[in-house]
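I have placed the structure first, in the form of structure tokens, so that the comments after it can refer back to it.
The values are calculated or read from the model by the stated rules, or taken from the named source; none is laboratory data. Bear in mind that the values here come from a model prediction, so they are computed numbers and not experimental data. So basically every Cβ, Gly included, is an ideal-geometry build from the backbone, and we count neighbours across all protein chains shown. Keep in mind that these areas ignore ligands, DNA and RNA; they rest on the heavy atoms of the full protein, side chains included. Shrake-Rupley method; radii C 1.70, N 1.55, O 1.52, S 1.80 Å.
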Amino acid sequence: MEKKLSDLKKNEIAIIKKVEGDSHLKRRLFELGMLVGEEVQILSISPLKNSFIISLKGYCFAVRRDVAKKILVV
Amino acid sequence: MKKIALVGNPNTGKTTLFNSILKTNEHVGNWHGVTVEFKEKLLKQNGKEVAVITDLPGTYSLSSFSFEEAVTRDYLLKNKDLTIVNIVDGNCIKKNLILTLELIEMGFCPILCINMANELKKKNEYIDTKKLEQELGIKVFLLNAQNRKEVKSMFDWILTNNTENTHKTLPYVDMLIHKFDTKYQKIINDFKDKKHTNIFSNFDKIKLLELDERLWDKFSNSNEVNNAKQIFENDETIQFVLKTRYDFIESLNIVSKTKRIYGYHKIDKIFLNRFFAIPIFAVIVGVIFFFTFGPVGTIFTDWFSNLYELYVFNPIANFIGSITNNLFVQNFFVEAVLGSIGAIISFLPQIVLMYLGLYLLEDSGYMSRIAFVFEDYLKKVGLSGKSVFTILMSFGCSTTATLTSRNLENKNNKIKTALLTPYMSCTAKLPIYAVVASAFFPNHKFLVVISFYLLGILIAMLVSYVLNKKVLKSSEENFVLEMPPYRVPSIKKIVKNVFQNIKEFLLRAGSILLVFSCIVWILQNCNIKLQYNQDDSILSVISKLIYPIFVPLGFESYGVVTALLCGFVAKEIIVSTIGILNGHGGESIDKIATSIVSAGSVFYLTKASAISFLVFATLYIPCVSTISVLVKEIGKKWTALGVAIQFLLSYAVAFVAYRIVNYFLIHGFWSGVVSLICFAIIMVIIFEIYSIFKKKNFCKFCPKNKSCNK
């Protein structure tokens, strides 16, 4: 079932299906390795649930909800 | 002479490497007249200049989306004879190698310098450097950028070997070019406007696939070009190129497999927990503040000012007394020179402690966590998580903090962040709190200091919130923040950073502050005919002229206005001015504090006006050096607007504070509390009525408001 990265629960693992957004954002995410077929996991959610720490390719970074919404996962 | 450029992703240790190899001959070159600085330095060996080393800004790629990327790429394109040292972080080498591949595609033969060898060793991880050298056809070094010996041997190799850029084609490039030639070349060849459509290097072809803005902008802006771009976009060519690079890196299989997640530590489960994160932050910052302003800082400050009085102030004052009887000269040296130096210098220990704390947070990796935790809250007031660093730095010095605002990617966020630094209580405002608090509220000093720190933050957030709503809306900044791992802070690095800040502080104190306090002293002690006469001095004439403006705030003696005028130069001068005004120039904080409340003080305040003075001093206009940096960073228009808002706001808040405190003092505590509650209830009612009126544009079909589109 396809859903957004922002809908994942803490510690849930999923596979990236598609990355949306303008070419600037897409490029930035691809550079970080957020490519179709990669495995992502939500490690931590911020106090107001608007930012996430995700792990990808063995390292981690923080993204905002509006960015996470553009990443579709299964 | 070889030209060497350091290229790499942000936070991989470029500057560490730069500092390890070079210690002298700094030459900061400003390029293109913009804020990004290329640091350029001459490398000397045995007294001979052997190479020029350039530290380029950190960049993720060589496309021209962000400013740093464009600057770096232009520089590389112009200087094909460069020797490139590409620094990568061994901990996340796969991600960092993307830039390396781009460099090779561009025709360079970079020397790959894998940093953090020490950390890899500790974690028992392994990188196959031999295989990397073979597959990429470049020289690879595995080292620790902090280790001078290792860095030096790498540079020795670079200097003695041929590092000319021989073109090497990576295995996947042919595939990319083939794809471009067969599928996309035709689209571009078919453009009616033939400008720039014929010659493409392989590098250009790949960049076209990556939808590089600069290359695409070369074509005229017509429908057919936009349509072509859309085809590329629909085909996900950017992802295709990046995936090809990543797949190539994976296929090299150079890294030992691990299950760990780099940057994330078990402890983050607690530190980044939704409920514990903020209390933990509060405790950590509380500890730093307690050390700085509580007993530890005070002991150091007292000890320091005693030393100064004993070994500098008294001997020099006595010496001057022995060589001249001229009262003017004697007082000038004792009060203006020695006095103001003393007043500034006695706060040195607290400034050191403050910076130590801040750099400890930064170097340990905790600062990025704070940015993450506060991201949501700061977004509500129109800032970003990255603003946290600037805000915390402005507790040290708003001038240096303003400089850090350039880290923010979005222009509006940058302006907002820069404009809020002057509201924060920098270390120069601390003496004001200390003196006034010990004069009027000797039993609640710590409480007073903390509440004015909080006041500054609160007002700054309000200002940012209003600016965000009205003029500087934050566009959706693409917030992606890398999490650095926790590291044991490097004592050497922290001491170096603190020392750098202290040096700047002392230079400022020794030059601009000293000169201005001498000028203030002269204005204070000479009349218009420049005769030694304190009774109708120039400054008192000016202050007497304008002080009625401040009477509503409760400043009923001109000395208060004089001190605030001087504070425009630097907030540090306020306290020394009070001292000079009351004839206690250069004496300890306690003596200045006693002089304020003693009879005949020209700095007369009541308890209520003391509060309003502190409010005003906390919030009013930034000092000269901060203004100059603001102009540089955000331009004249925003600086002027920011300063104007700040002045009006400080006046208003000080006025309200004065009235409220006066009310409390006259009518008693409980009566004051009741009145405040009544006032709050009235305000809430007014606000509710206002919002009911505002909600008139309800959807006609359902109880939803404007957001309903039916």
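Tabulated data
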| item | result |
| --- | --- |
| Some residue of segment B:434-445 being outside the structural domain of residue B:566 (by TED's automatic domain parsing) and either more than 18 Å from residue B:605 (Cβ to Cβ) or acidic (Asp, Glu) (or both) | no |
| Which numbered condition residue B:216 misses (of (1) at pLDDT 85 or above; (2) open to solvent by less than 30 Å² (accessible area, probe 1.4 Å); (3) within 14 Å of chain A (Cβ to nearest Cβ)) | (1) |
| Given (1) within 14 Å of chain A (Cβ to nearest Cβ); (2) buried (at least 20 other Cβ atoms within 10 Å of the Cβ); (3) at pLDDT 80 or above, number of the condition residue B:94 does not satisfy | (2) |
| Among (1) away from chain A (no Cβ under 12 Å); (2) in contact (Cβ under 8 Å) with a residue 12 or more places away in the chain; (3) open to solvent by less than 50 Å² (accessible area, probe 1.4 Å); (4) touching a Leu at 6+ places or on another chain (Cβ under 9 Å) - the single one residue B:202 does not satisfy | (3) |
| Subset of segment A:33-55 [in contact (Cβ under 8 Å) with a residue 24 or more places away in the chain and either surrounded by fewer than 20 Cβ atoms within 10 Å (Cβ to Cβ) or facing chain B (nearest Cβ under 7 Å) (or both)] | A:33, A:39, A:41, A:43, A:44, A:45 |
| Residue, nearest to residue A:74 (Cα to Cα), within segment A:5-19, restricted to residues that are within 11 Å of another protein chain (Cβ to nearest Cβ) and exposed (fewer than 15 other Cβ atoms within 10 Å of the Cβ) | A:18 |
| Segment B:379-394, residues that are more than 9 Å from chain A (Cβ to nearest Cβ), over 16 Å from the mean Cα position of the chain (by Cα) and open to solvent by 10 Å² or more (accessible area, probe 1.4 Å) | B:381 |
| Segment B:283-308, subset over 28 Å from the mean Cα position of the chain (by Cα) and surrounded by 19 or more Cβ atoms within 10 Å (Cβ to Cβ), residue farthest from residue B:449 (Cα to Cα) | B:308 |
| Scan of segment B:134-158 for residues that are more than 24 Å from residue B:487 (Cβ to Cβ) and open to solvent by 50 Å² or more (accessible area, probe 1.4 Å), ordered by number | B:134, B:135, B:139, B:153, B:156, B:157 |
| Residue in segment A:62-74 that is of a type in the set (Lys, Arg), at the interface with chain B (Cβ under 9 Å from one of its Cβ atoms) and in contact with a strand residue (DSSP E or B) (Cβ under 6 Å, 6 or more places away or on another chain) present | yes |
| Considering residues of segment B:407-448 that are closer than 17 Å to residue B:294 by Cα and among the hydroxyl-bearing types (Ser, Thr, Tyr) only, the residue surrounded by the fewest Cβ atoms within 10 Å (Cβ to Cβ) | B:438 |
| Pairs, first in the same structural domain as residue B:231 (by TED's automatic domain parsing) in segment B:182-194, second among the aliphatic types (A, V, I, L, M), C-beta under 6 Å, six or more apart | B:187/B:228 |
| Segment B:571-602: number of residues that are crowded, with 22+ Cβ neighbours inside 10 Å and either at positive phi or basic (Lys, Arg) (or both) | 2 |
| Yes/no for residue B:87 being open to solvent by less than 10 Å² (accessible area, probe 1.4 Å), outside the structural domain of residue B:214 (by TED's automatic domain parsing) and either modelled with pLDDT under 85 or part of a helix (DSSP H, G or I) (or both) | no |
| Single unsatisfied condition, residue A:2 versus (1) under 17 Å from residue B:237 (Cα atoms); (2) more than 8 Å from chain B (Cβ to nearest Cβ) | (1) |
| Residue satisfying all of: in segment B:240-267; more than 9 Å from chain A (Cβ to nearest Cβ) and of a type in the set (Phe, Trp, Tyr); least open to solvent (accessible area, probe 1.4 Å) among these | B:248 |
| Residue satisfying all of: in segment B:1-36; over 15 Å from residue B:151 (Cα atoms) and at pLDDT 60 or above; surrounded by the fewest Cβ atoms within 10 Å (Cβ to Cβ) among these | B:1 |
| Hits in segment B:349-363 - residues which are open to solvent by less than 20 Å² (accessible area, probe 1.4 Å) and not β-branched (Val, Ile, Thr) | B:349, B:350, B:354, B:355, B:357, B:358, B:361 |
| Set B:617, B:640: member being modelled with pLDDT of 90 or more, out of contact with any Asp or Glu (no Cβ under 9 Å at 6 or more places or on another chain) and open to solvent by 40 Å² or more (accessible area, probe 1.4 Å) | B:640 |
| Cβ pairs under 7 Å, 6+ apart, first in segment B:116-142 and farther than 18 Å from residue B:251 by Cβ, second open to solvent by less than 80 Å² (accessible area, probe 1.4 Å) and in a loop (DSSP other than H, G, I, E, B) | B:116/B:144; B:117/B:143; B:117/B:144; B:118/B:144; B:125/B:256; B:125/B:258 |
